[in-house]
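Have a look at the structure below, then the notes.
Since every read-out is calculated from the coordinates, none of them should be taken as a lab result. The shown structure was predicted, so the numbers you read here are calculated from the model rather than taken from an experiment. Positions of Cβ are generated from backbone atoms using ideal geometry, with glycine treated the same way; all protein chains shown enter the neighbour counts.
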Amino acid sequence: MYDPLFEPLKMGALEAKNRIFMAPLTRGRSDQPGSIPNEMMATYYRQRASAGLIISEATGISVEGSGWPAAPGIWSEEQVEGWKLTTDAVHAEGGLIVMQLWHMGRLVHPIFLGGQPPVSASATTAPDHAHTPEGRKPYEQARELSVEEIARVVEDYRHAAENAKKAGFDGVQLHGANGYLVDQFLRDKTNLRTDEYGGSPENRTRFLREVLTALVDVWGADRVGVRLSPNGETQGCDDSDPAATFGAATRVVEDLGIAFLELREPGPEGTFGRTDVPKQSPMIRSIYSGALVLNSDYTPESAVADIEAGRADAVSWGRDFISNPDLPERFAKGAPIAPNLGVPHTWYGKGPEGYIDYPSFEEVEAVA
C-alpha cells in the first residue's frame, strides 16, 4: 500500500530509503545546564530510524540563539559528544539523520541571555509570550544586528555545522522558517533595514545566502538542506509579497545547489497553524530543481497524490511521528495511526512520558 512513499530518493549525497521523512520537532529533553543531548534522546531517535530521513529537532548554534527550555545545542564539545549517542543509535538501525541548525533571533527571551536583549534583523518585538524556565513571559524588543555582527553570526553557523559533522550527522538543515532569525531577515514585516540586508527581496535574502554558503563550505551542497515557511504569518513574522520574497529565496537555494528544500505550508484548515495565504510550492517547484519536501497535515493518501503528480519528492510528518515511532511500517501495513494524545506538557515536558513510551504497532498487536 502507498508504494510511491517507499521508493528510495537520492538528494545530493543523501540516499533516503523511503519518502516518509520525520519533520523537526522541538521536544525539550536535553540535560541542563549545558543543553547537552542524552541517552533518552538517542532512544527517541533510534525508535524512529525507519524514516527515510530524520531531521533533528531544532538545535541552537549558540547561547545567543537559544531560547527554548531544555532544547539542545551544538556549540560545545560536551554537546558534540552527547549528540554522538543519537547519531550512533540511528545509524545502527540503518537510519539517516541531519541536524537542523537554529538561531531564534528575537524569539529568545532576555532571561536566557543574562538580561541582555535578543538580536534580530531589526529592532522589533514578537507578539505573545516566550516559554522560559520561569514560565511564560512577554517577548521583549530585539536589538538590530550590525553588519559586523551579522558576519559573526554567519561564523556561528559555520562552527555549528563543523560540530554537527564531528557529532556524526549525515548533513545539516538550516532552519529558515517559523519566524526565527533567518525568517526575520527574509520578511518585510520584521526586516526594516535600509542597508544591503534590507529593502528588496534580493537584499533580504543576503543573510540566507551567506549562511547557506558557510554550511556548503563545511558540508558540500549535496549534504545541506533548508526549511522555509513561505505562506502566512508565523510568530509575528509576515511578508507583504510572499511570491516575490520566497521566489528570491528559492533562487538562492537553487543557485547554491542545495540538496533538499523543505516547506512548511499550512492551509486554511490547518490543525497546527492555519492561513488563507496561498501555498507557494508550485512557484517554488518551478524554480528549484533539487528534492522538494512538503509538510503540514498530510495523510498518506495526499502524500502519494503529491508525489505522483510531481508536486513533491517526499513528505515530512511531525506529530504523527511522536505517537507512531514506526510510522513507515504502519503505512506499509495499512495499520491504524495512533492519534497524538500528547498535549504540550508532554510534547515539551521532562522525562520519558509522551516521548519514548509510545508502542510500535507490533507491540500493540502482541498485547491485543
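What does the net charge come to around E57 if you take all other residues with beta carbon closer than 11 Å to its beta carbon, with K and R at +1 and D and E at -1?
Details: positive: R27, R29; negative: none.
Charge balance in the 11 Å sphere: +2.
Charges on Cβ only, +1 for Lys and Arg, -1 for Asp and Glu, centred on the Cα centroid of region 3-367; of F272, S296, G236, which one is farthest towards the dipole's positive end? Sorting the options by dipole projection puts first G236. Specify whether the C-alpha gyration tensor of region 127-256 places it in the rounded, prolate or oblate class, a ≥ b ≥ c being the square roots of the eigenvalues: rounded for a/c under 1.5, otherwise prolate if a/b is larger than b/c and oblate if not. Oblate is the answer for region 127-256, as a/c is 1.5 or above yet b/c matches or exceeds a/b.
Assign unit charges at the C-beta atoms only (+1 for Lys and Arg, -1 for Asp and Glu), then state the dipole size of region 1-80 relative to its Cα centre in Debye, rounded to the nearest 20. If you can, show how the numbers build up before the last one.
Numbers: 7 positive and 9 negative charges, 63 e Å.
Roughly 300 debye, rounded to the nearest 20.
Arrange the following residues from fewest to most other Cβ atoms within 10 Å of their Cβ: S76, S229, S281. Let's see the in-between values first.
Values: S76 14, S229 30, S281 22.
Listing S76, S229, S281 from fewest to most nearby Cβ atoms yields S76, S281, S229.
Work out the FRET efficiency for L113 and T271 from their Cβ-Cβ distance, taking R0 = 35 Å, and round it to the nearest 0.05.
Numbers: r = 33 Å, r/R0 = 0.95.
Rounded to the nearest 0.05, the efficiency is 0.60.
Given a Förster distance of 45 angstrom, what is the FRET efficiency for V364 paired with H159, based on the Cβ-Cβ distance and rounded to 0.05? Please report the intermediate quantities before stating the final value.
Values: r = 44 Å, r/R0 = 0.97.
The calculated FRET efficiency here is 0.55.
The order of S66, S200, S122, S286, going from fewest to most other C-beta atoms within 10 Å of their C-beta, is S286, S200, S122, S66. For a test of the definition: using alpha carbon positions, the gyration tensor, and the 1.5 limit on a/c, classify region 37-117 as rounded, prolate or oblate. The shape class here is prolate.
If you place +1 on the Cβ of every Lys and Arg, -1 on the Cβ of every Asp and Glu, and leave all else neutral, what size is the dipole of region 194-255 about its Cα centre, to the nearest 20 Debye? Kindly include the intermediate steps, with their values, before the conclusion.
Values: 6 positive and 12 negative charges, 40 e Å.
Charge dipole, region 194-255, about its Cα centre: 200 debye, nearest 20.
Estimated purely from DSSP H runs of n ≥ 4, each contributing -39500 (n - 2.57), the mean residue ellipticity at 222 nm for the chain is -9500 deg cm²/dmol once divided by its residues.
With both labels modelled 7 Å from their Cα along Cα-to-Cβ, the V63 to S286 distance reads 4.8 nm. Cα centroid separation, region 198-265 to region 28-71: 23 Å.
Across all C-alpha atoms in region 71-207, the radius of gyration and Dmax reach 16.5, 50 Å. Distances between placed amide hydrogens fall under 5 Å for I54 paired with M22, L96, I97, V98, all partners being 5 or more residues away or on another chain. Counting only Cβ charges, +1 for Lys and Arg and -1 for Asp and Glu, the dipole size of the chain around its Cα centre is about 220 debye. With equal scatterers on the alpha carbons only and no solvent term, can you work out the Debye log10 of I(q)/I(0) for the chain at 0.07, 0.12, 0.14 1/Å? Values, matching the q order: -0.27, -0.85, -1.20. Taken along the Cα-to-beta-carbon direction at a fixed 7 Å, the label points for E196 and E308 span 5.0 nm. Residue-wise HN-Hα couplings along region 110-115, as the Karplus relation 6.51 cos²θ - 1.76 cosθ + 1.60 with θ = phi - 60° gives them from phi, are x, 4, 7, 10, x, x Hz; Gly and Pro carry x. Calculated FRET efficiency, N38 to K166, Cβ-Cβ distance, R0 = 25 Å: about 0.90 to the nearest 0.05.
At a Cα cut-off below 19 Å, give the lysines reachable from K333, other chains included and same-chain residues fewer than 8 away excluded. Of all the lysines, those that pass the test against K333 - Cα under 19 Å, at least 8 places apart if same chain - are K17. In nm, give the distance between the simple-model label positions of T125 and E93, each being 7 Å from the Cα along the Cα-to-Cβ direction. With each label placed 7 Å out from Cα toward Cβ, I get 4.4 nm.
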